[in-house]
Amino acid sequence: MPIALPDHRHPLIRPGLRRLFNLGPLQRWASAIGALLLPLAAAAWEPTQPVEIVVPAGTGGGADQMARFVQEMVTKHKLMSQPMKVVNKAGNSGAEGLLDVKADKGNPHKLVITLSNLFTVPLATGVPFGWRDITPLSMMALDQFVLWVNADTPYKTAQDLLAAMKAKGPNGFKLGGTGSKQEDQLISVLLETAAGTRIQYVPLKGGGDVAKSLAAGEVDLTVNNPIEAEGLWRSGKLRPLCVFDGGPLGYTAKLSNGQSWNDIPTCMSAGIPAQYLMLRGFFMTPQATPDQVAYYVQLLAKVRELPEWRDFMAKGAFRQTALSGAQYVEWLDRAESYHRVLMREAKLMAK
């Protein structure tokens, strides 16, 4: 069976299974928030000092790029009277940033953009953090993972790469990934299963560093998000082999060597039984008031309405899934349960 992180249309959300994920008070809180989504101009609260977006990852990665894009759009279109700044806190695979936001209770001027380390870091390290410790705002999109190699290598398809990995034997190939015991390493375990051999996993600081390392020939393959490797693909330095989704990406504009995102085959079709989508979402600090949550939810909704946002989504080949309120909370609960299973099966759980 393929391993897939479901989005809001996945059959795991059928009513019978929803009862397995009863969120109790938190779900009721999120439902109440949905009733408070007033127009931004009429909000009872707005920031009174600069707003900080914490990125629990390194510079140049997908989360960093989205945070800086949101900052740019808010500034360019004057969507907020206060300035917005982005701060990277990547230490301990992102735990530094997540714990910083958790500790700043009641500060409505600090947000965090999240990725899968929201789930993997607590499971892998045992740090005292869970997504319920902070306040959910909005899912902005779901990000893809693509299997990449250096364009100078002879591997034209994922099948070519798998055959070479089998022939070379254990640890004959290096896979560069963001951090340790996070989504990139999870996918490396799935690749090992498909190839029937071991891969040497090389942890790096962020997605930007990972893509540059592959272009420099320091590692043999990566599973970068599209936006992290898009520029190097355009310049002819990287080659995409397959995408870890159930179907082709929905973007048909030609980007490199006559290829579009839509032309990349699925990894499933190449004999790699794995699907994986990653959260790009926002939270704020604990003890946020309903008015504060409503303000930021509406602010982020205004960003998603911009034509520049549509261009950004196409550039990064994102799955355009946006959620807030009870739907977002329900998705987070399912995703946490799913990652717990994945981490346990990959033997990446803290002991």
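The values are calculated or read from the model by the stated rules, or taken from the named source; none is laboratory data. Because the structure is predicted, anything quoted here is derived from the model rather than measured. Every residue, glycine as well, gets a Cβ built from its backbone with ideal geometry; the counts of neighbours run over all protein chains shown. Keep in mind that these areas ignore ligands, DNA and RNA; they rest on the heavy atoms of the full protein, side chains included. Shrake-Rupley method; radii C 1.70, N 1.55, O 1.52, S 1.80 Å.
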Exactly one of Ala164, Ala103 is under 20 Å from Ala274 (Cα atoms), open to solvent by 20 Å² or more (accessible area, probe 1.4 Å) and aliphatic (A, V, I, L, M), and that residue is Ala164
Only unsatisfied item for Leu186, checking (1) under 24 Å from Ala90 (Cβ atoms); (2) at pLDDT 95 or above; (3) among the aliphatic types (A, V, I, L, M), is (2)
Of all residues in the stretch 256-266 being at pLDDT 95 or above and touching a Phe, Trp or Tyr at 6+ places or on another chain (Cβ under 7 Å), the one that is most open to solvent (accessible area, probe 1.4 Å) | Asn262
Matching residues, the stretch 189-224, being at positive phi and at pLDDT below 95 | Gly196
Reported set for the stretch 272-312 where residues are assigned to a loop (DSSP other than H, G, I, E, B) and of a type in the set (Val, Ile, Thr) is Ile272, Thr285, Thr289
Taking the condition hydrophobic (A, V, I, L, M, F, W, C), touching a Ser or Thr at 6+ places or on another chain (Cβ under 8 Å) and more than 28 Å from Gln327 (Cα to Cα), does Ala253 pass?
-> yes
Per the list (1) out of contact with any Ser or Thr (no Cβ under 7 Å at 6 or more places or on another chain); (2) hydroxyl-bearing (Ser, Thr, Tyr); (3) open to solvent by less than 50 Å² (accessible area, probe 1.4 Å); (4) part of a helix (DSSP H, G or I), residue check on Ser269 breaks on (3)
Report yes if Gly281 is at positive phi, at pLDDT 95 or above, touching a strand residue (DSSP E or B) at 6+ places or on another chain (Cβ under 8 Å) and not β-branched (Val, Ile, Thr), otherwise no.
-> no
Only unsatisfied item for Pro170, checking (1) modelled with pLDDT of 95 or more; (2) farther than 20 Å from Ile227 by Cα; (3) in contact with a helix residue (DSSP H, G or I) (Cβ under 9 Å, 6 or more places away or on another chain); (4) not aliphatic (A, V, I, L, M), is (3)
Quickly run through the stretch 216-240 and pick out the residues that are surrounded by fewer than 20 Cβ atoms within 10 Å (Cβ to Cβ) and among the aliphatic types (A, V, I, L, M).
-> Ala216
In this structure, does Asp133 turn out to be surrounded by fewer than 21 Cβ atoms within 10 Å (Cβ to Cβ), within 25 Å of Thr178 (Cα to Cα) and touching a Lys or Arg at 6+ places or on another chain (Cβ under 6 Å)?
-> yes
Test result for Ala90, among the hydrophobic types (A, V, I, L, M, F, W, C), surrounded by fewer than 23 Cβ atoms within 10 Å (Cβ to Cβ) and over 25 Å from the mean Cα position of the chain (by Cα) = no
Residue among Arg319, Arg280 that is under 23 Å from His109 (Cα atoms) and in contact (Cβ under 8 Å) with a residue 24 or more places away in the chain | Arg280
Is the stretch 147-158 home to any residue that is part of a strand (DSSP E or B), touching a Cys at 6+ places or on another chain (Cβ under 7 Å), in contact (Cβ under 8 Å) with a residue 40 or more places away in the chain and under 18 Å from Leu277 (Cβ atoms)?
-> yes
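Matching residues to (1) in contact with a Cys (Cβ under 7 Å, 6 or more places away or on another chain); (2) farther than 29 Å from Thr157 by Cβ; (3) open to solvent by 10 Å² or more (accessible area, probe 1.4 Å):
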| site | (1), (2), (3) |
| --- | --- |
| Cys242 | yes, no, no |
| Pro248 | no, no, yes |
| Ala274 | yes, no, no |
| Pro290 | no, yes, yes |
| Gly316 | no, no, no |
| Ser324 | no, yes, yes |
| Ala335 | no, yes, no |
| Arg340 | no, yes, yes |
Odd one out for Asp311, checked against (1) in contact (Cβ under 8 Å) with a residue 60 or more places away in the chain; (2) closer than 16 Å to His77 by Cβ = (1)
Filter result for Arg334 (over 15 Å from the mean Cα position of the chain (by Cα) and at pLDDT 95 or above) | yes
